[in-house]
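Take a look at the structure set out below.
The values are calculated or read from the model by the stated rules, or taken from the named source; none is laboratory data. What you see is a predicted model; the values in this text were computed from it and never measured. Neighbour counts are summed over all protein chains in view; Cβ atoms, including those assigned to glycine, are modelled from backbone coordinates with ideal geometry. Accessible surface is based on the protein model in full, side chains and every heavy atom, while ligands, DNA and RNA are left aside. Shrake-Rupley method; radii C 1.70, N 1.55, O 1.52, S 1.80 Å.
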Amino acid sequence: MGTTGLAGCSQVTGGEQSQQAQAGVSGETLTLTTTTSTYDTGLLDAIHTDFEEMYDVTVDAVAQGTGAALESARNGDSDVVMVHARGLEDEFMRNGYGINRRDLMFNDFVIVGPESDPAGIQGMGSATDALTTIAEAEAAFVSRGDNSGTHTKELNLWDAAGTDPGGDWYQETGTGMGEALNVANQQGAYTLSDRGTFISQRSEIDLTILVQGPIEGGPEILSNPYGIMAVNPGVHDNANYDLAMAYIGWITSPGAQNAISEYTMNGEQLFFPEAISEDPDFQQYVPEGWSSNSSDE
């Protein structure tokens, strides 16, 4: 796995620099607030051991959903956040709470439901048309309703479809993705899921993918990028900024990115790394649309 130093000097060798970094944070705990998808899929448990052993630290990963994860960080109860709703991330940065954001990885969203497909959406090439069809049929639909990244995407899709969901057919659970899938399974309902969580639970439920995301040739509107950023120590001086930046450096390194790529379940890849590129997108570090001449300066 790749390493990162907390403070560097060009005269220090890589091994010595790593030892100095470890000595500076040894025994500490990093609080990571993150989405339920990164936790429920088992990804973090699979890759964190390397970081913990490298720096002799503990990572406390708190799975809350994007909105709650950012709120915990906003309240000073997190050191670093890993989420997947760029609009909410941008607001978090514009308000001064998050810094040093990096693109991390991606998968996509899929619309799943019972094989009987009562609304007849299977194979549709438009996610918004699929939702409109579900609404017109008043077919049962389960929403997370928890201000998570997935819930935010769902609301954006309804808005793009020009449909305001509601009524007995539309149920908000206020739960994580795993529980929302279980509820949809029990009720024979449709729901929007990230591909990773669905794959991790597919053997335990009777739902099937009816509308694919871009990984399998579906519409780009169902893309699901994840970002990571440190909590601003200028706002919360209790934030463990040194360890947060060590973690960001590690998880965006070639070694950790390769571990993300190799993490599979039932032979299927759940997440696709995107922190390393020959042509990096510098917009990833700041709110979308921001420039030195913008009103955000």
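Numbers below:
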| read-out | value |
| --- | --- |
| Under 13 Å, Cβ to Cβ, from residue 257 - net charge with Lys/Arg +1 and Asp/Glu -1 | -3 |
| Tensor-based shape of region 146-196 (alpha-carbon gyration tensor, a/c under 1.5 rounded, otherwise prolate or oblate) | oblate |
| Prolate/oblate/rounded label for the chain (Cα gyration tensor, a/c 1.5) | prolate |
| Net dipole in debye of region 69-177 [+1 Lys, Arg Cβ; -1 Asp, Glu Cβ; about Cα centre; nearest 20] | 480 |
| Cα lying deepest toward the dipole's positive end in the chain, options 120, 176, 143, charges on Cβ | 176 |
| Backbone HN-Hα couplings from phi across region 64-72 [Karplus 6.51/-1.76/1.60, Hz, Gly and Pro as x] | 10, x, 4, x, 5, 4, 5, 5, 4 |
| Between region 108-140 and region 35-92, the alpha-carbon center distance in angstrom | 31 |
| Shape category assigned to region 157-296 from the gyration tensor of Cα positions, a/c cut at 1.5 | prolate |
| Two-decimal log10 I(q)/I(0) for region 55-112, as the Debye equation yields it once each C-alpha is a single scatterer, q = 0.12, 0.16, 0.19, 0.28 Å⁻¹ | -0.33, -0.56, -0.76, -1.31 |
| Dipole magnitude of the chain about its Cα centre (Cβ charges: Lys, Arg +1; Asp, Glu -1), debye to nearest 20 | 200 |
| Other-chain or far-sequence residues with amide H under 5 Å of residue 98's (modelled H) | 93, 232 |
| Rounded to whole Hz, the Karplus (6.51, -1.76, 1.60) HN-Hα couplings of region 150-164, x for glycine and proline | 5, 5, 4, 4, 4, 5, 5, 5, 4, 5, 5, 7, x, 10, 9 |
| Amide H contacts of residue 62 (H built 1.01 Å from N, under 5 Å, at least 5 apart or other chain) | 32, 33, 34 |
| Cα-only Debye scattering, region 191-248: base-10 log of I(q)/I(0) at q = 0.12, 0.19, 0.24, 0.27 Å⁻¹ | -0.53, -0.74, -0.93, -1.11 |
| log₁₀ of I(q)/I(0) at q = 0.11, 0.22 Å⁻¹ - region 221-297, Debye sum with one point per alpha carbon | -0.42, -1.18 |
| Accessible area, probe 1.4 Å, largest first, for residues 168, 50, 159 | 168, 159, 50 |
